[in-house]
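A quick write-up on the structure given underneath.
The values are calculated or read from the model by the stated rules, or taken from the named source; none is laboratory data. It should be emphasised that the depicted structure is a prediction, and the values quoted were computed from it without experimental measurement. FYI the Cβ positions are ideal-geometry reconstructions off the backbone, even for glycines, and counts take in every protein chain you see.
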Amino acid sequence: MAALLLCMDAKSGTASVDNAQAEAWLTQADDAWSNNISRFRVILAQLQQHEDQLTSTQRWHFRLLNAQLLADKGDYAKAEPILHDIIDHSGDLPLSIRAMAALIRDKFLNRDYVSAYALANTLMAELPRVDNPQARLEGMEEVILMLDQTPVGQHDLALEYARQMKALLPSAKGQCYANALETQSMLYAGNLASTSPAFQAAIDRCLAAGESLQADALRLDQAYQMVDEGHADQAIAFLHSIAPEIEGTDYTPYLASLPVTQARAYLRLGDAVRARKFALDSIAITGPNSPLWTLQDAYEVLYQAEKKQGHDAAALAYYEKYAAQKTAAMDNAKAIALAYQTVRQQVLAAKMKAETLGKENKILQLSQALASQAQKSSRLFNALLLAVIAFFVLAMLWLWRSWRRFRWMARHDGLTRAYNREHFFAEARRALRQLHKAGGDACLIVLDLDHFKRVNDTHGHAAGDQVLRSAAMIVARELRPTDLLGRLGGEEFGILISGCLRDQGLEAANRIRNALATTPVMLDSQVAVMVSASLGMACTANSSFTLRQLLIDADAALYRAKESGRNQVSIDTSEMKSALPS
């Protein structure tokens, strides 16, 4: 229809358009934006030709669509002023909510997380006043997506909002989005298997609603989960069946997700050649500087594939890129968590301030009402004043305790209570500098639990978490107060032993290995699980006082320990070190 009207304009100039026709185009553009970007652009071009004939509300709506198109192109500098103008001056609450949702997405993509969370708080306060289905859908979708990316356990809240969305949006499109968001929240919380009927139900609902992009997102999530569950062959067959559909979307995140998931599946099957090919295909789609999560996965696959083929130099090069991506992702997650806590503290502070002002107003009213009874009112005023002072003292104490807890959370891994990766690296670098100046020695141990996936597959992820906590406690008992213990990621830990020569480090590493191998972990199900670990060690005496070089040498030693049969300690040797590039 839009193409026919464009032809008419080309022949006879711009024809007039009535309000009903313009409203129909705007509705069609809303539907096309999430599902058919090419058609969306055609409709916007048609509206552009008739902009002077639109009503004031329709012009604001048209400006919102243009801002969404600019944001999708990555031109946030032009999109954000338009969105702010709509929020501040349109006078249309549904359009303002939709502009807030678009602005939240832009702020989050630009890593302005504090502004994004603050705006989301405003949006959720305004949303109950809106009954427009499109505004409710876009507003709740952005808040749910943002909560699912918040690394402080907000999946339950995201799931609650998704279920509210199902009740509030009975349309086919609304049910598609609500079911898709509910499924993804359950997946991110670790409560959904690839074989769950919820996956297929959500996909079928979106296909029935004509929302193929949402269905494709769910299919890719399902394939990724298959690989994580160890069903790599099933994942490859499934990805092959949906590849034409994904490639037809012309949507970069999906185009990159398809090959990187295939790469992970082939790596699971031991096919390093195909894993390498598909990982390189994914990087070629996004470029090496993409912010997409697929880049980190692609570099990890390339590192593992090259290592499996014995290409040490290439493996090391890809490991450094993977480590850089992983560090950046963890820094980003930390920034998101900090922003969430900052906005949460601001909201709590504002609430306490409002409560305090209310209390002060009540005090003033009481003092005025009891002015004639001087002695009695004086005693009452003093008592109330003491209550206010006590309230302020208690509030400040609560804030101080919250600050201390947040500072602890920023430095420690919430599951194992060991240092997190960033803080462990910072403390290790500081300790190495001091030892270097003082002429001391140190050994770095990289510890990886053997066959940890079997624990998750056999007993479940909750049991896996319990094993990780117990393993960290067992290791900590074998260390001195001056030694450092940190969780590097997954089931991998780093240990820095200060004032330690090579033989002493070997003795400590074997003591840790033996303690893990001989101490059963009693699960909540009253099942005893035995775990072992492989350890790689590098010492400053024949490596370096540079943390990066120690990590490379210890990781190479860990690789040899695993290749030699696991449950053993391997020490960095000068022969292996000389075989690696400097």
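Before moving on, here are some points about what is shown:
- Of all residues in segment 48-64, those satisfying the criterion of being surrounded by 14 or more Cβ atoms within 10 Å (Cβ to Cβ), part of a helix (DSSP H, G or I) and not charged (D, E, K, R) are Gln49, Gln53, Thr57, Gln58, Trp60, His61, Phe62, Leu64.
- Within segment 473-497, the set of residues being surrounded by fewer than 19 Cβ atoms within 10 Å (Cβ to Cβ) and of a type outside the set (Lys, Arg) comprises Met473, Ile474, Ala476, Glu478, Leu479, Pro481, Thr482, Gly489, Gly490, Glu492.
- The condition (being at pLDDT 75 or above, in a helix (DSSP H, G or I) and surrounded by 14 or more Cβ atoms within 10 Å (Cβ to Cβ)) is satisfied by just one residue among Ala45, Ala77, Ala67: Ala67.
- Looking only at residues in segment 187-224 that are within 21 Å of the chain's Cα centre (by Cα) and among the polar types (S, T, N, Q), the one that is nearest to Ile236 (Cα to Cα) is Gln222.
- Screening the candidates Ala189, Ala201 for the property of being of a type in the set (Gly, Ala, Ser) and within 25 Å of Met409 (Cβ to Cβ) yields one hit, Ala189.
- Which listed residue, of Gln234, Gln309, Gln225, is within 19 Å of Gln184 (Cβ to Cβ) and surrounded by fewer than 20 Cβ atoms within 10 Å (Cβ to Cβ): Gln225
- Pairs with Cβ under 7 Å, 6+ apart, first in segment 478-493 and in contact (Cβ under 8 Å) with a residue 60 or more places away in the chain and assigned by TED's automatic domain parsing to the domain that holds Glu427, second of a type in the set (A, V, I, L, M) and in a loop (DSSP other than H, G, I, E, B): Leu485/Ala418; Leu485/Leu479; Gly486/Ala418; Arg487/Ala418; Phe493/Ala418
- Just one residue in the set Asp30, Asp18 is crowded, with 16+ Cβ neighbours inside 10 Å, of a type in the set (D, E, K, R) and either under 26 Å from Gly248 (Cα atoms) or modelled with pLDDT of 75 or more (or both); that residue is Asp30.
- Restricting segment 521-546 to residues that are loosely packed, with under 15 Cβ neighbours inside 10 Å and out of contact with any Asp or Glu (no Cβ under 8 Å at 6 or more places or on another chain) leaves a set whose member that is nearest to Phe452 (Cα to Cα) is Met530.
- Every pair of residues 6+ apart whose Cβ atoms lie under 9 Å, when the first sits in segment 535-562 and is assigned by TED's automatic domain parsing to the domain that holds Ala428 and within 16 Å of Arg421 (Cα to Cα) while the second is modelled with pLDDT of 95 or more and of a type in the set (Lys, Arg): Leu547/Arg429
- Evaluated against (1) touching a helix residue (DSSP H, G or I) at 6+ places or on another chain (Cβ under 7 Å); (2) of a type in the set (S, T, N, Q); (3) modelled with pLDDT of 65 or more, Asn382 falls short on exactly one condition, (1).
- Subset of segment 161-186 [among the hydrophobic types (A, V, I, L, M, F, W, C) and over 25 Å from the mean Cα position of the chain (by Cα)]: Ala167, Leu168, Leu169, Ala172
- With respect to (1) in contact (Cβ under 8 Å) with a residue 24 or more places away in the chain; (2) surrounded by 16 or more Cβ atoms within 10 Å (Cβ to Cβ), the lone exception for Leu83 is condition (1).
- Number of positions in segment 443-470 that are surrounded by 14 or more Cβ atoms within 10 Å (Cβ to Cβ), of a type in the set (A, V, I, L, M) and over 21 Å from Ala428 (Cα atoms): 5
- Filter result (under 15 Å from Ser212 (Cβ atoms), in a helix (DSSP H, G or I) and under 24 Å from the mean Cα position of the chain (by Cα)) within segment 228-252: Ile246
- Residue match in segment 276-296 (condition: farther than 19 Å from Leu187 by Cα, in the same structural domain as Gln149 (by TED's automatic domain parsing), β-branched (Val, Ile, Thr) and surrounded by 15 or more Cβ atoms within 10 Å (Cβ to Cβ)): no
- Only one of Ala201, Ala215 that is among the small types (Gly, Ala, Ser), in a helix (DSSP H, G or I), in the same structural domain as Leu123 (by TED's automatic domain parsing) and buried (at least 16 other Cβ atoms within 10 Å of the Cβ): Ala215
- Residue match in segment 546-553 (condition: in contact with a strand residue (DSSP E or B) (Cβ under 8 Å, 6 or more places away or on another chain) and not in a helix (DSSP H, G or I)): no
- Counting the residues of segment 253-272 that are under 29 Å from Asp31 (Cβ atoms) and over 25 Å from the mean Cα position of the chain (by Cα) gives 0.
- Any pair with Cβ under 7 angstrom, 6 or more apart, that starts in segment 89-113 at a residue that is assigned by TED's automatic domain parsing to the domain that holds Met140 and at pLDDT 80 or above and ends at one that is of a type outside the set (D, E, K, R) and in a loop (DSSP other than H, G, I, E, B): Leu93/Val130; Pro94/Val130; Pro94/Asn132; Ser96/Ser90; Ile97/Val130
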